[in-house]
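**Q** Quick one: this structure, given as structure tokens, is what I'll be asking you about.
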């Protein structure tokens, strides 16, 4: 399975390099001088950004599902993404000249705050109602989103906010996307704690029984989720449902041992988002459809299937 | 029962309407009054249709959290509109008279709503949280597919959808307003006629059958009425995610009864006061340009969350 | 008289009822008993038109289930809903008032109101009449439900395991009420019961079911025997007869 996924990812990446508004063929790479530039400046960075953000979003979704102990939550729909957008909006309002690093830092902090807030609400909900948790997450995210819209409307920044609210890769160019590498680093570090996250998913008693530092692992996981989410929102915008459907499908096929499954989750997420991005590029050529829109439709469909389709599995 | 409260609400609404029409009007009354009256009529129609659709829908689903907007009805309206333009092409769609556009779209949406929610509500009616979750995801799905189709349609035709889906209170044309008014009144009349049957349907499937009512027929009729009412309000002002939930929750507090003969007017009055009064405060008192919808959505979202959390089993 | 002819019902392609033929004469308390999965509740739901007919025929006097209009049947036959089905915002009087709906369709006459008060009095609910259902105990709530069905004034009353979640006092109270309804108000009660002792103590007639078919039908002292318990339930329980009454040892 891992091999097949990897092969598919490589194939999709190659396709992604050669699909776009400007024609680019294998032969042109060797004959035309501008071709290499196109690859280095635009197509390459774009493909890398898609792969990293798709993979990292899927991983952060899997981690969040373990922390919350609920399979129906993910950062982008349960408020973390909206929290990040709020942070960027506040920086833009109060310190328009701030560097991208400051922006990123503040977005991470507000995203963390939003995630902690969600966890605090969840802990007051009865554990026997998994769908209620998901529901509260969606509404919580919706309310945060409405607050962002409200502030943006007051400050006449609505157009600006739209960019973060709907993920899109067409703006990715050399020199403007490098932050996404940091996402890859954070996701990679999180993988080192895969076992801890798997244990925390079994619950507090089990974690303590197994000698895990429950609090510390919790904080670690929340930090990872917040940073991945915030950086993704800053560089490409929100892509809903990746963190929700990909870990669920992988868990159904390969189980919950994160050490084994997280790489699969990452590759599946990357492949799925890449496929959607390529689809968005060719369906209405030469116009582009944002990946957030494409994935919004496909992801919602998959989620409905998870909710109603094969019920007899994990839940 | 609750006659006094209904009377007070009516008086409150009259006050709001009067204030809305005359407050801060300067210059030519002949221009200001018709302009404001048009806006006011649209607001009242929207208020009535949203509140009644919500009451009906909550009766048929037997809970006070679900609303047509939460289940994605207005998103469905925009989706059928976009799909229509996508299939017909913007040019030929625009050649239809405005009333024709509206009617075709309403009928299409009715069919879609019956097919989709008819099955869904009959199948999974018992598990409330699953239903709500499904509805929210459906709404998201409709929105994504809508914006997907909009992107595929030519940029020119994209504008057609935009113009149709984000009409504001301010520029409602008279023929459309008249048609919307006629449809709303017809649907409200039908709902009023059903009021006693609705009381029985609200008791649950088994009780309703035992009392000689058919829940399936009720579901069918209510879905049709809700489709018409949501079409009217969405065509006039666009989606209002939480207005229905907010005003019906308030109405249930003011007139705590299950009798539809009280609840329908009470919710309608609260809804009208919220829209007209809210617009009054935002537009005249605070001089703010923020659409009322944004404020209502934040408030309604909080109400929704509280209702959900209170629903948790004791 | 309820006449059932060749009634079959499948759920997910598994037969639940297999060609049931059964006649229940008017009057008295009829108890349906049998192990889990015997098809008692399905049979009752079919008579009550809660689920659609698949094959066979059910006649309630001259009315055929599936062909007869719903509201006509509602004046002939009532079913006590499961306890969870009550709208919490109703007062007791409002709930009982709904029992008259099949007659007035939302416009109650003075006679309807009188019937409601009569029902409240019969079930000693006057003191609770203005209370909300959600503020009542389980037994009181069920009493209100039964009062509503009483007000519905039907010849037949169906109940599906109404003793679940009731303590012994409430259970005995309900069974006595049903017996009284049958004896003094000419109602016919058809009730699905789990507990054979309740069935033997309060029913005039017992119908034992197994695997979607009728195994035995008759008076309690004839039907409740050690042989029947072995055959239907597969358990070797002793049956005691005390003063002409039947008691199953547990």
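**Q** In segment B:43-98, how many residues are more than 24 Å from residue B:152 (Cα to Cα) and part of a helix (DSSP H, G or I)?
**A** Residues that pass the stated criteria total 19.
**Q** Kindly evaluate residue A:88 against the criterion of being in contact with a helix residue (DSSP H, G or I) (Cβ under 7 Å, 6 or more places away or on another chain), more than 24 Å from residue A:201 (Cβ to Cβ) and buried (at least 18 other Cβ atoms within 10 Å of the Cβ).
**A** yes
**Q** Step by step: first the residues of segment B:163-183, then only those that are under 15 Å from residue B:233 (Cβ atoms) and loosely packed, with under 12 Cβ neighbours inside 10 Å, then the one that is modelled with the highest pLDDT. Which residue is that?
**A** Checked segment B:163-183; the qualifying residue modelled with the highest pLDDT is B:182.
**Q** What's the number of the only condition in (1) more than 14 Å from the chain's Cα centre (by Cα); (2) away from chain B (no Cβ under 14 Å); (3) modelled with pLDDT of 85 or more that residue A:206 fails to meet?
**A** That leaves (3) as the condition not met.
**Q** Take residue C:119 and decide whether it is surrounded by 23 or more Cβ atoms within 10 Å (Cβ to Cβ), at pLDDT 85 or above, under 28 Å from residue C:168 (Cα atoms) and away from chain B (no Cβ under 14 Å).
**A** Working: surrounded by 23 or more Cβ atoms within 10 Å (Cβ to Cβ): yes; at pLDDT 85 or above: yes; under 28 Å from residue C:168 (Cα atoms): yes; away from chain B (no Cβ under 14 Å): yes.
It is true that residue C:119 is surrounded by 23 or more Cβ atoms within 10 Å (Cβ to Cβ), at pLDDT 85 or above, under 28 Å from residue C:168 (Cα atoms) and away from chain B (no Cβ under 14 Å).
**Q** Does segment A:100-118 contain at least one residue that is crowded, with 24+ Cβ neighbours inside 10 Å, part of a helix (DSSP H, G or I) and within 14 Å of chain B (Cβ to nearest Cβ)?
**A** yes
**Q** Quick one: which residue in A:45, A:75 is surrounded by 19 or more Cβ atoms within 10 Å (Cβ to Cβ) and modelled with pLDDT of 85 or more?
**A** That would be A:75, the only listed residue that is surrounded by 19 or more Cβ atoms within 10 Å (Cβ to Cβ) and modelled with pLDDT of 85 or more.
**Q** Let me ask another. Tally time: how many residues in segment B:184-210 are within 11 Å of another protein chain (Cβ to nearest Cβ) and under 20 Å from residue B:42 (Cβ atoms)?
**A** 0
**Q** Just to check your reading of the model, which residue among C:166, C:128, C:133 is more than 14 Å from chain B (Cβ to nearest Cβ), over 16 Å from the mean Cα position of the chain (by Cα) and at negative phi?
**A** Checking each option against the conditions leaves just C:128.
**Q** Can you tell me which residue among B:223, B:246, B:263 is closer than 22 Å to residue B:131 by Cα, modelled with pLDDT of 85 or more and surrounded by 24 or more Cβ atoms within 10 Å (Cβ to Cβ)?
**A** Going through B:223, B:246, B:263 in turn, the sole match is B:246.
**Q** Sticking with this one: Restricted to segment A:123-139, and to residues that are facing chain B (nearest Cβ under 7 Å) and within 22 Å of the chain's Cα centre (by Cα), which residue is surrounded by the most Cβ atoms within 10 Å (Cβ to Cβ)?
**A** Here the residue is A:134.
**Q** Now for a different question. Quick check on my filter: what residues within segment A:149-167 are within 11 Å of another protein chain (Cβ to nearest Cβ), touching a helix residue (DSSP H, G or I) at 6+ places or on another chain (Cβ under 8 Å) and more than 11 Å from residue A:92 (Cβ to Cβ)?
**A** Residues satisfying the conditions are A:149, A:150, A:153, A:158, A:166.
**Q** Please count how many residues of segment C:105-116 are under 21 Å from residue C:177 (Cβ atoms) and either surrounded by 15 or more Cβ atoms within 10 Å (Cβ to Cβ) or in contact (Cβ under 8 Å) with a residue 60 or more places away in the chain (or both).
**A** Of the residues in segment C:105-116, 2 are under 21 Å from residue C:177 (Cβ atoms) and either surrounded by 15 or more Cβ atoms within 10 Å (Cβ to Cβ) or in contact (Cβ under 8 Å) with a residue 60 or more places away in the chain (or both).
**Q** Please pick out the residue among B:56, B:33, B:44, B:66 that is touching a helix residue (DSSP H, G or I) at 6+ places or on another chain (Cβ under 9 Å), buried (at least 20 other Cβ atoms within 10 Å of the Cβ) and away from every other protein chain (no Cβ under 14 Å).
**A** Answer to the check: B:56.
**Q** Look at segment A:226-264 and say how many of its residues are part of a helix (DSSP H, G or I), farther than 15 Å from residue A:100 by Cα and touching a residue at least 40 places away in the same chain (Cβ under 8 Å).
**A** Narrowing segment A:226-264 to residues part of a helix (DSSP H, G or I): A:226-235, A:242-254, A:258-264.
Okay, now just the ones that are also farther than 15 Å from residue A:100 by Cα, so A:226, A:228-229, A:242-254, A:258-264.
Then keep just the ones that are touching a residue at least 40 places away in the same chain (Cβ under 8 Å); that gives A:226, A:228-229, A:242-254, A:258-259, A:261-264.
Of the residues in segment A:226-264, 22 are part of a helix (DSSP H, G or I), farther than 15 Å from residue A:100 by Cα and touching a residue at least 40 places away in the same chain (Cβ under 8 Å).
**Q** Residues that are within 14 Å of chain B (Cβ to nearest Cβ) and buried (at least 18 other Cβ atoms within 10 Å of the Cβ): list the strands (runs of 3 or more DSSP E) wholly contained in segment C:11-85 that include at least 1 such residues.
**A** C:55-60, C:77-80
**Q** Give segment C:91-118 a look and list any residue that's in a helix (DSSP H, G or I) and within 15 Å of residue B:199 (Cβ to Cβ), or say none.
**A** Result: C:93, C:94, C:95, C:96, C:97, C:98, C:101, C:102, C:103, C:104, C:112, C:116.
**Q** Moving on to the next point. Yes or no: residue A:258 modelled with pLDDT of 85 or more and crowded, with 23+ Cβ neighbours inside 10 Å?
**A** Here the answer is no, as residue A:258 does not meet what is asked.
The values are calculated or read from the model by the stated rules, or taken from the named source; none is laboratory data. These numbers come from a predicted model, not from an experiment. Cβ coordinates were reconstructed from backbone atoms using ideal geometry, including for glycine residues, and neighbour counts include every protein chain displayed.
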